[in-house]
Amino acid sequence: MPFQAVASQRLFQQVAEQVVGLIRSGELPPGTRLPAERDLARKLGVSRPVVREAMIALEISGFVEVKTGTGSYVSDGSPRAGELGDAGPSAFDLLAARRIIEGEIAATAAEMARPADIERLDQALAWYRQESLKGEDSFEADRAFHLGIAEATGNPVLTRTMELLWGDMRGRIFDRLGELTKNSTKLRTNMADHQAIRDAITAGDGPGARQAMQAHIPNVETYFLMDAAEDGTTTHTRNATGGTTRR
């Protein structure tokens with residue numbers, strides 16, 4: 001008897017596959033406006049972050065076009081015979097994992113950090129500020145700051161755990177959400193959050209470092225659901241070739 005492998009799909013992929021099925025069946029012809037994120041989340045019984053990620057996965061694969069201020073539409077060139085590409089891990093799952101793990105890492109770093117560790121954090125903060133003010137991609141500087149905190153614990157397993165998490169954050173979903181929500185207010189919030197975490201670690205304040213980190217991650221989640229019109233549409237459009245049109 002032949003057996004088939006059991007696929008373990010991320011929830012946003014299941015939502016995206018439902019939309020792809022409706023496109024292929026003709027239920028959603030080219031040009032059809034999809035329901036707003038909040039409405040679609042309610043109809044499917046999932047959270048809005050799941051729908052946001054599903055729309056990005058569909059956009060990346062060319063099935064959907066997101067139009068500024070008006071909504072998401074089935075693409076005129078929708079690849080009905082194509083496959084829904086792998087958009088990478090869920091950004092919100094990664095942030096949930098980071099919220100659990102990084103608070104304790106920050107608290108431990110506050111107890112263990114040496115002057116050289118604080119200097120490394122200060123260098124990463126300066127790098128992040130410089131890249132942000134220039135409008136450059138600040139991902140690597142952000143990564144250096146958070147890895148620096150893990151290294152300050154003196155525990156190589158925690159450092160490796162953070163390396164794995166931040167490696168996954170270079171997935172297409174996370175990258176696209178970061179691109180969609182990049183603005184000066186978000187960057188200022190991130191810099192203030194990082195400074196508060198650094199100051200608590202420098203002061204040897206474990207509870208304060210934990211609290212500052214646990215406040216920082218939800219701020220990132222909040223921004224990943226912002227930069228949208230009231231109907232849940234994003235303020236950027238990616239075309240079929242992967243280019244981006246900004247407001």
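The values are calculated or read from the model by the stated rules, or taken from the named source; none is laboratory data. Remember, predicted model here, so these are calculated numbers, not experimental data. Backbone-built Cβ (ideal geometry, glycine too); neighbour counts: all protein chains shown. SASA here: full protein model, heavy atoms, side chains in, ligands and nucleic acids out. Shrake-Rupley method; radii C 1.70, N 1.55, O 1.52, S 1.80 Å.
When 142, 137 are checked against the criterion of being within 18 Å of the chain's Cα centre (by Cα), of a type in the set (Asp, Glu) and part of a loop (DSSP other than H, G, I, E, B), a single residue qualifies: 137. When residues in the stretch 145-161 are screened for being of a type in the set (Val, Ile, Thr) and part of a loop (DSSP other than H, G, I, E, B), 1 of them pass. There is at least one residue in the stretch 89-97 that is open to solvent by 60 Å² or more (accessible area, probe 1.4 Å) and within 30 Å of residue 149 (Cα to Cα).
Looking only at the stretch 118-138, decide whether some residue is open to solvent by 30 Å² or more (accessible area, probe 1.4 Å) and either closer than 26 Å to residue 54 by Cα or touching a Cys at 6+ places or on another chain (Cβ under 8 Å) (or both). Looking for residues that are open to solvent by 30 Å² or more (accessible area, probe 1.4 Å) and either closer than 26 Å to residue 54 by Cα or touching a Cys at 6+ places or on another chain (Cβ under 8 Å) (or both), one finds at least one in the stretch 118-138, hence yes. Scoring residue 81 on the criteria (1) out of contact with any strand residue (DSSP E or B) (no Cβ under 9 Å at 6 or more places or on another chain); (2) at pLDDT 75 or above; (3) of a type in the set (A, V, I, L, M) leaves a single failure, condition (2). If you go through the stretch 152-175 and pick out every residue that is open to solvent by less than 20 Å² (accessible area, probe 1.4 Å) and in contact with a His (Cβ under 9 Å, 6 or more places away or on another chain), you end up with 2.
The number of residues in the stretch 176-190 that are touching a helix residue (DSSP H, G or I) at 6+ places or on another chain (Cβ under 6 Å) and either in a helix (DSSP H, G or I) or open to solvent by 40 Å² or more (accessible area, probe 1.4 Å) (or both) comes to 5. Pairing residues of the stretch 145-161 that are without any contact (Cβ under 8 Å) to a residue 24 or more places away in the chain with residues that are buried (at least 17 other Cβ atoms within 10 Å of the Cβ) and of a type in the set (Asp, Glu), at Cβ distances under 6 Å and at least 6 apart in sequence or on separate chains, gives 159/151. Residue count for the stretch 31-47 satisfying the condition of being part of a loop (DSSP other than H, G, I, E, B) and exposed (fewer than 14 other Cβ atoms within 10 Å of the Cβ): 2.
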